[in-house]
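Note sheet for the following structure.
Read the figures in this text as sums done on the coordinates, not as results from a lab. The structure presented is a predicted model; accordingly, all values stated were derived computationally and were not measured. In this analysis, Cβ positions are derived from the backbone assuming ideal geometry, glycine residues included, and neighbour counts consider all displayed protein chains.
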Amino acid sequence: LASNNEYSNTYCDITSGQQQQSQSHSHMNFHMANQIPHVVTSNSTIVQQQSTLAATQGMQISQLSALINQEDGNNGSNVDTDNLSSSQVRIYRDPATAPLRKLSVDLIKTYKGINEELLPRSGIYNDGYDDEEHDYIIHLGEIIANRYQIQRHLGKGSFGQVAKAYDKLEKQDVAIKIIKNKKPFHDQAEIEIKLLEMVNSHHSDFRHYVVNLKTHFIWHNHLCLVFELLSYNLYELVKNSNYRGVSLHLTRKFGYQIVTALAFLSSPNLKIIHCDLKPENVLLCNPKRSAIKIIDFGSSCQVGNRIYQYIQSRFYRSPEILLGLPYDAAIDMWSLGCILVELHTGEALFTGSNEFDQLMRIIEVIGMPPKHMLDMASKTKKYFYKNDDGSYMCQRTCGKQYRQPGSRSLSEIIGVDSGGPSGRRLGECGHTPEEYNKFKDLIERILVFDPKTRITPQNALKHCFLNRVNENNSSNNNKNQSVTNNQVVLSPLFQLLISLLVCFSGMGLTGQHFPKIQLESEFLSVSI
């Protein structure tokens, strides 16, 4: 059921240009919705909407750039309410997304994309509602379940497809995941619904780190899941940095939130294993802020009720999955370690072209797996020879040559002593050797072969690299409580006036351009 070519940013209002290998599956407990004929708006209206899409995405990218290179000048701000649009911005635009390019060099490609949405596919199955792959044929402007008006196609995967729609009842945009009309995918979708309903019904603020499943229903024999609409995924954030990565400060913020989410998911009341954690499955709630949510529980399961053995996207696949060993929630922590390094360096840590290559790349960095794991693993012979003395050595390959186990230094990869990856962060605030050593220590505690000795989410939250965010949050909560007690609240209008005053004071009477403003952290900590 896995697919190497599917969209993982399924709840995001922008389609990723590059996708990793993933397994996005499906759900449960559904109710019937009124089935009505397709209602389609005129093609002229849709074409007008499509003609503005490139310009809209250009504006969104400029907003997203406010997150790039977020510095420690905002360390005092709250993770969930930190207004990042005021930071010093270093803007990078992917040339492929520029409106001028889409309307000139890539004009044919642009029209092809429009045609794929406007020209209906042939109805082969399910009374003409499904195509040859048993996917529902989506029409722009169509009203689904007498409530949701389809606005655009967001992505497609092995599970089915996702569309952006407008909820006419709640007056808001949503993302609808439409499952293939095939029983295996339907059954998987029922499991996803069950797990998400467990999360959403849990009386904890930590549930807000997981995408909200609003409702679900059946539409022309397709199980449909309605989610809140989120923003960019973390892969797109890295891509927007020209693959230079984000600051250590922002990496810390994202890491703290993901670890908190994993601690919540693995709690005794839930015991949920995500099974496909990767940058594409972590989405920003708002392109101007650092708050994130985890999506895509289509491959997820509960501890003690494991369903699949072939799980996790390859770059983020844990050793126990590669070796064919039993697994638990520790596999998500392994994925997190890979994600954190990628966020800061801009490059995936282990980029194996297949499972053998993936494990060999891991061994280059952290050394050989423990003997007791190889003795128990079902796939050991796929990767290793067993010597007469009981020790193991890596299988030889005809083509690629690998470094000696453990010879690729993590310190060099993240640039502990050289000012960050390739020295790009040398001299920048918050990127001292001391901070890099904290980061390296956390990664080394995560990227451990034996899941029993791998750091847990609960202990990771206490680690010196992430604990700093926790301390800042406590400090901000105290400050906010103090403000509330004294009934001193900065209104949005007052904050705007402050911003304008700062701007004009910096301009003087010389007629120069507005300077880039970085407000003090106490203003940034107030949610607008």
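Here are some notes:
- Packing rank of 195-203, 172-180, 212-220, where each peptide gets the mean count of other beta carbons within 10 Å, highest leading: 172-180, 212-220, 195-203
- The order of SER335, SER422, going from fewest to most other C-beta atoms within 10 Å of their C-beta, is SER422, SER335.
- Across LYS371/LYS452; LYS156/LYS288; LYS183/LYS271, pairs whose alpha-carbon gap is larger than 24 Å: LYS156/LYS288; LYS183/LYS271
- From least to most packed, judged by other beta carbons within 10 angstrom and beginning with the fewest, GLU435, GLU444 follow the order GLU444, GLU435.
- Order of THR351, THR456 - criterion: other Cβ atoms within 10 Å of each residue's Cβ, fewest first: THR351, THR456
- Straight-distance crosslink candidates among lysines, where the alpha carbon sits under 20 Å from LYS400 and sequence neighbours closer than 8 are dropped: LYS381, LYS382
- Segments 404-414, 132-142 sorted - mean Cβ within 10 Å per residue, highest first: 132-142, 404-414
- Per residue, the average separation of C-alpha pairs within less than 8 Å and at least 6 apart gives the stretch 239-470 a relative contact order of 22 percent.
- Packing around the peptides 264-271, 423-430, taken as the average count of other Cβ atoms within 10 Å per residue, puts them in this order, highest first: 264-271, 423-430.
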